[in-house]
1. Can you give me the relative contact order of chain B as a percent, contacts being Cα pairs under 8 Å and 6 or more apart?
2. Relative to the compact globular guide of 2.2 N^0.38 Å, what is the alpha carbon radius of gyration of the range B:123-187, as a ratio?
3. So what's the angle, to the nearest 10 degrees on a 0 to 90 scale, between helix B:265-279 and the longest Cα principal axis of chain B?
4. Over the range A:1-130, calculate the relative contact order: mean separation of alpha carbon pairs under 8 Å at least 6 apart, over the residue count, as a percent.
5. Under the rule of -39500 (n - 2.57) per DSSP H run of 4 or more residues, summed and divided by the residues of chain B, what mean residue ellipticity at 222 nm is obtained, to the nearest 500 deg cm²/dmol?
6. What are the ³J(HN,Hα) couplings of the range A:228-234, residue after residue, when phi is run through the Karplus curve with 6.51, -1.76, 1.60 and θ = phi - 60°? Round to Hz, x for glycine and proline.
7. Compute the acute angle (0 to 90°) between the alpha-carbon long axis of helix B:164-174 and the principal axis of greatest extent of the alpha-carbon atoms of chain B; round to the nearest 10°.
8. Tell me, A:150, A:160, B:266 in order of fewest to most beta-carbon neighbours within 10 Å?
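Values quoted throughout were computed directly from the atomic coordinates according to the rules given, and no laboratory measurement underlies them. Everything numeric in this text was worked out from a predicted model, so none of it was measured. Please note: Cβ atoms are built from the backbone with ideal geometry, for glycine as well, and neighbour counts cover all protein chains shown.
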Amino acid sequence: MKNMNKSTQKLLSTIGVIVVLYIVLSVMEGTGNLSSLLSGLLVPVCAYSLVAVGLNLCVGYLGELSLGHAGFMCVGAFASAFFSKVFMNTIPDVPRFILSLLIGTCFAALFGFLIAIPVLRLSGDYLAIVTLAFGEIIKNVINVIYIGMDSKGLHFSMKDMLSLGMEPGGTLVVNGAQGITGTPRQSTFTLAVILLILALVITHNFVNSRTGRAVKAIRDNQIAAETVGLPITKYKLIAFTISAAIAGVGGVLYAHNINSLIATTNNFGYNMSIMILVYVVLGGIGNFSGSVVAAVVLTLLPELLRGLSTYRMLIYSIVLIALMLFNWAPSILEYRNKHGLTAAAIAAKFKKKNTKEVS
Amino acid sequence: MGFLTYLINGLSLGSVYAIIALGYTMVYGIAKMLNFAHGDVIMIGAYVTFIGMSSSGIPAVPAIVISIIVCTALGMLIEKVAYSPLRKATNLAVLITAIGVSYFLQNIALLLFGSNPVSFTSVVKWQGLSLAGGQLKITGNAIVTIISCLIIMVCLMWFVKHTKPGQAMRAVSEDRDAATLMGINVNATISLTFAIGSGLAAVAGALLCSSYPSLTPYTGSMPGIKAFTAAVFGGIGSIPGALLGGLLLGIIEILAKAYISSQLADAIVFAVLIIVLLVKPTGILGKQIKEKV
């Protein structure tokens, strides 16, 4: 009970910091003190944070590495942008966005669920590579989809624009590799922050719920968890689906913040999955607030220090390797224990109570 | 004749996959880790060969030899710095480190060589054969690739079966602790495995870029992942399996490109991976692994 209170306190303080930052940034934006570069990054930062929180649920609590979360983000983005585009003139702005948010999330969750059924039979390296494969398949398939709309309804093709057979007045909604253009730009910073806080609350409640404890038990020792009668597959599916759904929300935000939505390696492929993974690892595996901090810092820092942008990816990779060695290499752990460099010892130095560690 | 041409192209691409897959399969069999950075070692190897041939004007064979030496050293260095400290750590930590190394190599190459593709000159000067009255053309690249793949495969199988270091490798892959007790230097054996795999990656890089001449820092990552698919397809840990998986995958990819859709070819290859892992996770020639409590 005491432990739970502590983690709730931590959550509340994180939300407090986010709200304060939100107010400061909004005031700065309102008074014109924010550079256009920075204000353009506000929504993407929240979107990346959301995906990182989603991936952290998978890596930190399910204990499985997914390299396909950019794929779920992609599904959420395209499903919601498609909906918004189709009902652009028939449904008013606000209910349409709420609906498209729901649709994006549900589609990402559905894909997460469908992919999880086969994937969760595997584990470790195989699971990582299969999620990577799924992410690439999603990206490739979206790049060959053409959907047009005219008075007769929707037309679908996987070949090219002409084979849609549309009426002359029809509009092209999804244009293959050119993606979806003209999505209404409805993702505001306020909305993004609300969704991010919501995701933090949901994940926090989830990992501390009965289901969440079961998921952690499975992560720590699957065979023991199975022996005490936990339905492994069910809990794994739940965790993976929620994780995918949160990534989908990130995708919805991302899609409604840009004019033309296309699926490339950099925004929805392997590279994005790795970037999100860096956020998760740097923020601390299993630490949701950490993921948000890492996403914010790593997105804003290179933009603020323009000179570093060439080296950004290089620095990311070095950070990734160094952190892994620092946290996991037995010889380094021994050295840290000897010289009082463990997380607990450092935290104690700052006159704080020992933070709860998730290993 | 179209089909035959595709088949030969598929065999040629499959041979490259097979050589790359060898690196994966040996490392996976012996160190029990997925070396994500293997594909990027190929890219580095291709760049070294390219620089040797075009900038320094060295003939193809010495350029490849230099590239093999560089890649071997690189592979051993990566193993020493990044992987060996984590030998007793969890799988997740090793995997994330490997991804980090892969990313590191890509970005180092990006800084050194730039993001613009360079056009690789083929290491094979021979134009190839023209059969059936010019209807069936087999390029020199394809012939050299297939033959070198077969030679490498035979040599490696002989090496693993009949030499002391090869036997040590098999022992380590069977049971690391028991091998240590038998006086086998496990660290040296794993290092040797990385050296061989990375050396082969250099050969694969030169052959791959001879057939597909556009070389960028990202050239290696896709073939790397596909070759891993091939290794899993054939049964991870098995050398003939790597050959079989590589060839099959190459043929599937080229035929999918020709007859289904060039944009969906990658998706089809990955679908093969998923199906294989779900239906027969041990691959075609893999051994059944029992799960121990």
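1. Taking the mean separation of contacting Cα pairs over the length of chain B, I get 36 percent.
2. Taking the Cα Rg and dividing by 2.2 N^0.38 Å, one obtains 1.88.
3. Roughly 30 degrees between the two axes.
4. Relative CO of the range A:1-130 lands at 22 percent.
5. For chain B, the value works out to -23500 deg cm²/dmol.
6. 7, x, 7, x, 4, 4, 4
7. It is inclined by approximately 70 degrees.
8. A:160, A:150, B:266
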